[in-house]
Structures are given as structure tokens and as C-alpha cells.
Amino acid sequence: MSDQADKAASPEHAPEVTVIIPTYQEAESLPQLLERLGAVRRGGVDLNVLVVDDDSGDGTDSVIAALNLDWVRLITRTNARGLSSAVLRGMREATGRSCVVMDADLSHPPEVIPDFLEALRGGADFVVGSRYVPGGSTEDGWGVLRWINSKVATVMARPFTSVRDPMSGFLGFSRELIADPSVLDPVGYKIGLELIVKGGCTRVEEVPIHFSTRTHGQSKLSLRVQLQYLDHILRLARWKYPKLSSFVPFAAVGASGVGVYVLLLWLLEALAGGLIGEDFRIVLAIVGTMVWNFTFDRWLAFWYARSQPLLGQLAGFIAVCSVPVVVNFLVTRWLIGDDFVSPAAGAIGAVTGSVAGVVFNWFVMRAVVFRGRSHERG
Ligand code: GDD
Ligand code: MN
């Protein structure tokens, strides 16, 4: 569509808010939800609705067609799946000045949408329907497991936001919140957390809600979804704290290298002590340790540069490491004395070399060997 056509089609008739409802097999819940949204609409909220369905095959389309509401539009996706990507699709197609995202299963009360809009008008850059602020609640019937699960996930989100209920899927925000949607990772279930962090939201307001237990259909919260959450947290950490997320694994791998080095020295002495001279054994242990560190650093500390050629990086890695390694070598050699390879001498040599090297190496590695922008996707 050309810019011209775009202009003609939208702003004048833009409703105040587009309610985005991702659905998978929610045909049974939709009539009641749309009925309640209709009441909110009659109450004076200028809203339209976008249902983003992943080709549920349960009659969702005929239910919506039968209701025949001109303020409800159904998008059926056949080439993509997943809650977050459905929400992102809805955000792309929304026409309202603001977006509200909510579940279809009647867990989220549409009657609070006016409170969402008031918060946005009052300057909030993000609104969350929250179970954990005064006035909010969760319907009885949540098993202990689901409760623990939700708590653990909430604690893990703490480094990114102080919102009491960052797991909520009931969200409100301006359609312009994310200037460049390509920064968004449609991974997992926690699109709210993703939007708060990558939208750089500072004024997040929580509107208390009573979270009802669904009465129709099933939750799609599986073990796989929970594992995806760990991946999501890692990506957010890399996005929000790129240097720390690089340095911490780098230092940890460096520390593990001390153990590897000592083990290699000991193994080489025990297995080939009579065959290989001690200087050469030290050099071999150092090279082995470098390969170990390179492998894990490339994976965990310099993830953002993994698409660049491996051999060039290995050569650069060894060259940079060699500076502190010379320190390591000299200290080890000096401690060992005549012809006695002691694990303790190896350990002291490695610790000295590593401590001298870890900060120096990290800076030089990032500047020279693993270049790239670490805040762009993990
Ligand atoms: N299009 C699409 N595709 N929609 C989906 C998909 C999918 O793959 N998976 C789930 N949905 C829709 C559901 O149909 C429902 O409308 C909404 O997303 C939430 O899914 P539920 O299966 O009801 O999730 P839940 O109740 O376990 O989790 C809800 O509560 C959590 C907090 O406890 C969601 O709101 C989560 O976002 C929230 O974190
Ligand atoms: Mn639900």
C-alpha cells in the first residue's frame, strides 16, 4: 500500500484503541468476551477488536462471522504460530492510537479497559492488568505448581522491571511504543516483559484485576513454553545489559580454564612425563586451555559474533591470550624450579595469568577479535 492510500485509510477514523486478542481454540469463549467488549464500547470507549487466530479449526471463524460485528476483525494465520508473534502481528495491523492485548479465555476483565486508557492519557507509557497490586487477585483453583511457577518466573524478571506482575498478558500501550519492531523477539509467552524492556518503558502503571480461571478450553502453557522463558530471559539480559552479559560468562569461563589447565598439566605429566620435556608440557597445557576457553567464550561471551569465521577468531583469540599467557608461563616456570611439575605451581601460574589477563583480554577481544553489536539480538 502506498503512503497516500495509507493516509487516506487511517488516521481520521482511527479509534482510540485496538483490542488485540490472540487466540488458539477459543471459539467457546469468544461470544461472551465480545459481548462484554461490546458493553464497554457502548459505555463510550471508542474501540475496535482484532482477533489473531492461528487457524484453530474449531469454528472460530464462523463464530465471529455469525456475530457480524463491524468493529471486530479476524486475522487467521496459517503460516505462523505462537502467542508472541500473534500479538506482534496484531500490533502491525492495529489502527487504534493505543493497543490493548488480552487473553480470549475470560481470564482478563475487559471492563477495566477505561482504566487502562486513563492511565495512558495520564502519561503512563505502559499499563499492566495486575494480580499483585492492592485490589488485584487470582481466582482460587490455581494449583501449587502453577503458583510456584509464576512466582519463580516473576523473580527472574526482577532485573528488568519492578512491575509486580510482569508475567501478565493483559497489556496497554501506545501503538508507537516500539519505533523499530525488528528489535522484538517473538519468543515465548511473555510479550509484556519484552515490550516493557525493549520499549524502554519507565512509567509502567498497574491496574488491579481479578484474574479468573478459564472455564472453556485449555491453557497452552506447556513445559516447552517454560523453557522458552529461560531463553527469553537470557536474550533480554543480553539486550539490556550487553557488557555485563558478556563479561560475566567470560570471567566464569576464564575461571574454569584454571581447572582445565591444572588438569592438563597433571595429565601430561602422569601420562607423558617421560616423553615430553616440561616446557613443552606447559605449552601444550596452555594451548589446550586456550582452545577450551575459545570454545566456550565464543558461545557464551561473544555470542553476537558467532556468524563470523571461526578460524580467524581462533587465531585472534590465541594471539590476544598469549600476552597474559606469557605472564602465566613465566610464573609457572619460575615456581616449578628445576624439574618438578607441581599442580600448585600450575594453579598459581594460571591464577596470576588469568587475573592479569581477564580484564585486558575481554576489552581487546571485543575491540579486535569478536566485533559486532552485542545489544542486537542473542
Ligand atoms: N494466536 C495464538 N497462537 N494465540 C495463542 C497461542 C498461539 O500459539 N497460544 C495461546 N494463545 C492465546 C490463547 O488462546 C489465549 O487467548 C491467550 O493466548 C493466553 O493463552 P492461555 O493458554 O490461556 O495462557 P495462560 O492462561 O496459561 O497464560 C496467561 O496467563 C499468564 C499469567 O499467568 C497468559 O495471559 C500469559 O500471557 C500470562 O503470562
Ligand atoms: Mn488463560
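The values are calculated or read from the model by the stated rules, or taken from the named source; none is laboratory data. Not measured: the values here are computed from a predicted model. Here the Cβ positions follow ideal geometry from the backbone for every residue, glycine too, while neighbour counts run over all protein chains shown. Accessible surface areas use protein heavy atoms only, side chains included; no ligands, DNA or RNA. Shrake-Rupley method; radii C 1.70, N 1.55, O 1.52, S 1.80 Å.
Observations
- Counted residues, the stretch 93-123 - those being in a loop (DSSP other than H, G, I, E, B), open to solvent by 10 Å² or more (accessible area, probe 1.4 Å) and over 17 Å from Thr18 (Cβ atoms): 5
- Residues satisfying the stated conditions in the stretch 45-71, i.e. in a loop (DSSP other than H, G, I, E, B) and in contact with a helix residue (DSSP H, G or I) (Cβ under 8 Å, 6 or more places away or on another chain): Val45, Asp54, Leu69, Trp71
- Any hit, the stretch 260-280, residues being open to solvent by 60 Å² or more (accessible area, probe 1.4 Å) and under 20 Å from the mean Cα position of the chain (by Cα): no
- Residue list for the stretch 124-133, filter: more than 13 Å from ligand 1 (Cβ to nearest atom), closer than 25 Å to Ser219 by Cα and either among the acidic types (Asp, Glu) or open to solvent by less than 20 Å² (accessible area, probe 1.4 Å) (or both): Val127
- Residue check for Gly59: small (Gly, Ala, Ser), within 24 Å of Asp115 (Cβ to Cβ) and either surrounded by fewer than 20 Cβ atoms within 10 Å (Cβ to Cβ) or without any contact (Cβ under 8 Å) to a residue 24 or more places away in the chain (or both): no
- Every pair of residues 6+ apart whose Cβ atoms lie under 6 Å, when the first sits in the stretch 166-186 and is assigned by TED's automatic domain parsing to the domain that holds Pro22 and of a type in the set (Gly, Ala, Ser) while the second is crowded, with 20+ Cβ neighbours inside 10 Å and assigned to a loop (DSSP other than H, G, I, E, B): Gly169/Asp103
Listed here are the residues, each with its yes/no results for (1) within 26 Å of the chain's Cα centre (by Cα); (2) within 16 Å of ligand 2 (Cβ to nearest atom).
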| site | (1), (2) |
| --- | --- |
| Asn79 | yes, no |
| Val87 | yes, yes |
| Glu93 | yes, no |
| Arg97 | no, no |
| Ile113 | no, no |
| Arg121 | no, no |
| Gly129 | yes, yes |
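- The stretch 202-245, residues that are closer than 30 Å to Pro114 by Cβ, surrounded by fewer than 19 Cβ atoms within 10 Å (Cβ to Cβ) and away from ligand 2 (no atom under 13 Å from the Cβ): Thr202, Arg203, Pro208, His210
- Output for the stretch 160-190, where each listed residue is open to solvent by 10 Å² or more (accessible area, probe 1.4 Å) and not in a loop (DSSP other than H, G, I, E, B): Ser174, Pro181, Ser182, Val183
- Flag if Glu28 is at pLDDT 95 or above and either out of contact with any Pro (no Cβ under 9 Å at 6 or more places or on another chain) or farther than 27 Å from Val127 by Cα (or both): yes
- The residue pairs whose first member lies in the stretch 27-39 and is touching a residue at least 12 places away in the same chain (Cβ under 8 Å) and in a helix (DSSP H, G or I), whose second member is aromatic (Phe, Trp, Tyr) and open to solvent by less than 50 Å² (accessible area, probe 1.4 Å), and whose beta carbons are closer than 6 Å, counting only pairs six or more residues apart or on different chains, do not exist in this structure.
- Filtering Ala9, Ala65, Ala119 for residues that are of a type in the set (A, V, I, L, M) and modelled with pLDDT under 95 leaves a single hit, Ala9.
- Residue in the stretch 260-277 that is outside any helix (DSSP H, G or I) and assigned by TED's automatic domain parsing to the domain that holds Tyr189 present: no
- Scanning the stretch 136-145 for residues that are closer than 16 Å to Thr215 by Cβ and not hydrophobic (A, V, I, L, M, F, W, C), we see that the one that is least open to solvent (accessible area, probe 1.4 Å) is Thr138.
- For the stretch 296-322, filtered to residues that are within 16 Å of Ala251 (Cβ to Cβ) and within 27 Å of the chain's Cα centre (by Cα), the residue that is most open to solvent (accessible area, probe 1.4 Å) is Trp299.
- Residue match in the stretch 101-113 (condition: at pLDDT 95 or above and of a type in the set (Gly, Ala, Ser)): yes
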